[in-house]
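Accompanying notes for the structure given below.
The values are calculated or read from the model by the stated rules, or taken from the named source; none is laboratory data. Every value quoted in this text rests on a predicted model; they were computed, and no experiment measured them. Cβ placement follows ideal geometry from the backbone for every residue including glycine, while neighbour counts extend to all protein chains displayed.
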Amino acid sequence: MRFQFSVEAIGPAVLALALSLPVLGHAQPAAPAQPSEQDLANFDVKELFAGTCGFCHSDGGRVAGKGPQLMGDQHDDDFLRNRIKNGKPGAMPAFGATFNDQQIDAIIIYIRDLKPR
Amino acid sequence: MKKRPSCLASLASVAIATVLSASAASAQSVDTARIESGGQNDWLTYHGSYKGYHYSPLTQINSNNVGNLAVAWIHIPGRSTRGLQSMPLVADGTLYYTGSYSRVFALDGATGEVKWSYFPELDEALIARQTHSPYNRGLAMGEGKVYVGTMDGRLIALDMKSGKVAWDTKLIDSQKLTVGFTGAPLYAKGTVVIGAQGGEWPGRGPIFGVDAATGKKKWDFQTVAGTDDAMKSWGNDSWRTGGGGGWMPGTYDSENNTVLWGTANPAPLYDWSGPDWKTQGARPGENLYTTSVIGLDIDTGKLKYYHQELPHDTWDFDSAVGEFVMLDRDGQKLIVHPNKSGYIFVYDRNLGVKNVWRITENSNFVKSIDPKTGELIGRRDFTAGKVDEPLCPHISGGVSWNSGSYNPKTGLYYKLGQEWCMTLTITKTTPIVAPQAQLNIGADFKIAPPPGGEIYGHLDARDPVTGAKKWEVRYPEPPLASVLSTGGNLVFVPDARGILHAYDADSGAELWSHNNGTGHQGGIISYSAGGKQYVAVVAGFGGMASDDYAPTFGGVFKSMPRDDGALIVYSLRQ
């Protein structure tokens with residue numbers, strides 16, 4: 001399986017992919033390991049948006065689409081953290097079992113840093 | 001002395017008694033033969049019959065009297081998260097339909113009285129992690145049971161009379177793959193067939209054949225690399241996270257003992273390979289059998305024939321969306337199948353390409369498709385970075401999963417086309433499969449109007465084989481519901497704003513409309529109960545395609561609920 005960037009750049013969820021991929025059809029899901037500082041520093045939220053979040057948060061989160069615009073969002077960090085973890089029924093999935101607190105912090109930083117292209 | 005009943009009256013009462021007893025006699029088990037003959041009073045399978053026409057031969061409601069059509073009764077299923085998307089079924093005067101969370105109802109078709117209901121217990125923590133959820137597109141019926149799929153990967157059979165569970169079979173490890181079943185199953189020849197969600201989800205998109213009597217799995221077919229040959233069309237082991245799936249019901253071709261099914265797109269949706277997609281990019285190769293129509297032996301699930309409508313699909317234009325319209329033309333047996341791109345494929349019964357025509361005006365993902373061979377000409381393959389010219393059509397498709405209708409009286413195919421585009425920036429991604437699979441799109445994108453114009457939708461009346469257009473009706477927002485046509489010379493279109501329209505099937509003139517109070521994105525049928533014809537439609541907005549409507553169009557969509565819905569049933573005023 002080709003990877004598009006180095007192993008250090010991926011968070012625990014994707015690291016679990018790297019470890020489990022050769023027996024993908026039959027492996028038990030790997031328990032998310034605690035990420036290293038380097039993992040967290042290189043957690044690629046931009047890529048995460050292009051893969052997953054951007055399905056609803058259009059243009060990388062810059063405009064309203066299926067989901068609301070994230071650029072310039074007025075809610076506080078606790079609101080965003082809660083929404084990412086628990087989702088909203090019929091609107092947004094719950095990612096609390098996929099990302100740990102540090103990764104969610106990285107996502108919030110990405111949202112706060114969003115600027116027009 | 002009592003007046004004796006007149007001769008006519010006693011004849012009439014004898015006639016009524018005969019009809020009633022005939023109904024009782026024909027309230028037999030629904031079986032393959034009965035579905036195949038497409039009973040005129042019933043709607044026994046998702047697409048109306050195995051012919052896939054979405055057509056009712058009933059004429060009691062017709063273009064002369066449709067002005068008298070009025071609401072007969074309504075049912076509200078409750079908990080309609082993401083609205084109602086299902087196609088009701090009717091057998092012998094009882095209507096069966098599903099709501100979100102796979103709620104199942106059996107109702108008296110004349111009065112709406114609830115005969116029974118069934119709410120399955122679902123893994124709601126899992127559903128909370130899903131995107132294309134928790135709506136349900138409908139049931140299958142056969143051998144005294146109705147069948148429904150669930151978002152947590154199960155197929156459930158319920159006794160038609162009582163609603164009691166006959167069997168409950170788990171088919172998908174939805175905990176790990178995140179996807180389940182939203183599509184209606186298909187019953188034929190003792191087998192219930194259902195296809196998993198997939199597409200942008202990194203799995204292998206299985207289709208299952210289950211024994212209708214016992215619930216035991218008979219076979220499964222992996223739409224991603226399901227044969228040794230197909231494995232070769234996925235470079236770098238990309239089949240492991242290939243996507244695929246078959247999330248809408250196909251049909252049964254009894255002459256060939258074959259189930260016809262449309263498959264979904266591969267993952268990631270958008271590749272970064274550029275023109276060298278056979279050797280470069282996220283999934284080098286044709287990626288069989290994604291974005292294909294396939295014919296499987298109904299007994300064994302083995303692949304008999306296929307046509308890949310879009311090799312190395314890099315635009316999310318599933319073949320899963322479309323109905324299979326089985327018709328005869330000049331002694332040739334044909335199949336008409338819409339692909340999500342808006343290209344309509346015409347095949348012989350072995351899926352050999354006979355013609356290809358296009359319903360969308362705005363389309364630039366290919367220059368054209370060769371009508372004789374199905375070959376893609378001038379395809380747009382992207383590299384990482386911003387895509388200069390907007391892509392048409394938009395990810396919601398040139399057509400969507402809502403069915404068109406073929407009317408054998410007019411010979412016309414009534415099909416909705418969608419005119420919208422998108423800007424996108426392609427990004428390399430890595431599939432996430434642990435602890436649970438996540439979407440793998442491959443681009444940031446945004447909806448955009450067609451070049452030099454506005455977004456709109458259109459109902460076309462077309463020759464299904466040649467594509468020649470007879471008439472067209474335009475809508476400012478693409479309608480997302482299925483279309484119904486009838487022997488009474490009517491075409492019914494439930495639109496996105498909430499209006500149900502009836503048109504003259506010959507001319508396209510609008511004859512009647514009614515406001516159902518919220519947008520439509522599901523099924524519509526017609527049936528007869530107690531000698532009276534009804535039209536039943538689900539209303540209730542909020543599915544994936546409709547998510548774009550409030551931010552894009554504003555207006556009524558800004559206040560439209562996305563968690564509510566109703567089944568609304570019409571008949572002629574007395």
Exercise for the section: Tally the residues that are buried (at least 21 other Cβ atoms within 10 Å of the Cβ) and out of contact with any Asp or Glu (no Cβ under 6 Å at 6 or more places or on another chain), restricting the search to the range B:498-508. Expected result: 3
Completion exercise
Of the residues in the range B:352-373, those that are under 21 Å from the mean Cα position of the chain (by Cα) and surrounded by fewer than 23 Cβ atoms within 10 Å (Cβ to Cβ) come to B:Val356, B:Trp357, B:Arg358, B:Thr360
Problem - Qualifying position, being among the β-branched types (Val, Ile, Thr) and in a strand (DSSP E or B), among B:Ile172, B:Ile207 - result: B:Ile207
Completion exercise
Residue count, the range B:313-332, condition farther than 24 Å from B:Ala545 by Cβ and touching a residue at least 40 places away in the same chain (Cβ under 8 Å), comes to 3
Handout entry: Residue check for B:Val90: away from chain A (no Cβ under 14 Å), buried (at least 18 other Cβ atoms within 10 Å of the Cβ), assigned to a strand (DSSP E or B) and touching a helix residue (DSSP H, G or I) at 6+ places or on another chain (Cβ under 9 Å)
Key = no
Exercise for the section: Considering every residue within the range B:462-480, establish whether at least one is in contact (Cβ under 8 Å) with a residue 40 or more places away in the chain, out of contact with any strand residue (DSSP E or B) (no Cβ under 6 Å at 6 or more places or on another chain) and of a type in the set (Gly, Ala, Ser). Expected result: no
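What is the residue count in the range A:74-91 for residues that are in contact with a helix residue (DSSP H, G or I) (Cβ under 9 Å, 6 or more places away or on another chain) and under 23 Å from B:Ser546 (Cα atoms)?
Number of matching residues: 4.
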Exercise for the section: For the range B:262-273, indicate whether the set of residues that are closer than 21 Å to B:Ala443 by Cβ and of a type in the set (Phe, Trp, Tyr) is non-empty. Expected result: yes
Exercise for the section: Residue by residue through the range B:180-197, note down the ones that are in a loop (DSSP other than H, G, I, E, B) and out of contact with any Ser or Thr (no Cβ under 9 Å at 6 or more places or on another chain). Expected result: B:Gly183, B:Pro185
Problem - Subset of the range B:190-208 (residues that are within 18 Å of the chain's Cα centre (by Cα), more than 18 Å from B:Lys340 (Cα to Cα) and not β-branched (Val, Ile, Thr)) - result: B:Pro206, B:Phe208
Exercise for the section: Only residues that are crowded, with 17+ Cβ neighbours inside 10 Å and within 12 Å of chain B (Cβ to nearest Cβ): list them for the range A:90-117, please. Expected result: A:Gly90, A:Ala91, A:Met92, A:Pro93, A:Ala94, A:Phe95, A:Gly96, A:Thr98, A:Phe99, A:Asn100, A:Gln103, A:Leu114
Exercise for the section: Give the number of residues within the range B:431-456 that are facing chain A (nearest Cβ under 7 Å) and under 13 Å from B:His394 (Cβ atoms). Expected result: 4
Problem - Residue in the range B:494-503 that is at positive phi and away from chain A (no Cβ under 14 Å) present - result: yes
Exercise for the section: Test B:Leu484 against the criterion of being modelled with pLDDT of 95 or more, within 23 Å of the chain's Cα centre (by Cα) and under 19 Å from B:Gly83 (Cα atoms), and give yes or no. Expected result: no
Handout entry: Number of the exception - A:Phe79 against (1) at pLDDT below 95; (2) away from chain B (no Cβ under 12 Å)
Key = (1)
